[in-house]
């Protein structure tokens, strides 16, 4: 297949792909502890909480549909915005409300 100059660049190797290949090779070592590449720490109690929450979501049609098929409103999720505003007030003394916060997934 013949590719344009853009096509060649777009389908070529990238720095992040090379990094991920290197991390994959390094992770194969048995005594290796992964401290990079974006892998989160594994905390059994937290994983159990997430697992239970996911099971609850799967059992509730509305929660499942909200998670998998509904976009947040343009300003983001208001409940989370309220909670974040409260946290920022409590932790930093910032006089803000949810109307000062925009949360988006991209």
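Given the criteria in a helix (DSSP H, G or I), surrounded by fewer than 10 Cβ atoms within 10 Å (Cβ to Cβ) and at pLDDT below 75, does residue 16 qualify?
Against the criterion (in a helix (DSSP H, G or I), surrounded by fewer than 10 Cβ atoms within 10 Å (Cβ to Cβ) and at pLDDT below 75), residue 16 qualifies.
State whether the residues of region 53-61 include one that is assigned to a loop (DSSP other than H, G, I, E, B) and surrounded by 11 or more Cβ atoms within 10 Å (Cβ to Cβ).
yes
Which condition number in (1) at pLDDT 85 or above; (2) under 24 Å from residue 50 (Cβ atoms) is the one that residue 90 fails?
The one condition residue 90 does not meet is (2).
Collect the residues in region 84-106 that are assigned to a loop (DSSP other than H, G, I, E, B) and in contact (Cβ under 8 Å) with a residue 12 or more places away in the chain, keeping them in residue-number order.
Within region 84-106, 97, 101, 102, 103, 104, 105 meet the criteria.
Can you name the number of the only condition in (1) in a helix (DSSP H, G or I); (2) under 18 Å from the mean Cα position of the chain (by Cα); (3) surrounded by fewer than 11 Cβ atoms within 10 Å (Cβ to Cβ) that residue 81 fails?
Of (1) in a helix (DSSP H, G or I); (2) under 18 Å from the mean Cα position of the chain (by Cα); (3) surrounded by fewer than 11 Cβ atoms within 10 Å (Cβ to Cβ), only one is false for residue 81: (3).
Taking only region 19-52 into account, find how many residues are modelled with pLDDT under 80, surrounded by 11 or more Cβ atoms within 10 Å (Cβ to Cβ) and closer than 30 Å to residue 64 by Cα.
So the count comes out to 1.
The values are calculated or read from the model by the stated rules, or taken from the named source; none is laboratory data. Predicted model only: the values in this text are computed from it and were never measured. Glycine also receives a Cβ, built like all others from the backbone with ideal geometry; neighbour counts cover every protein chain displayed.
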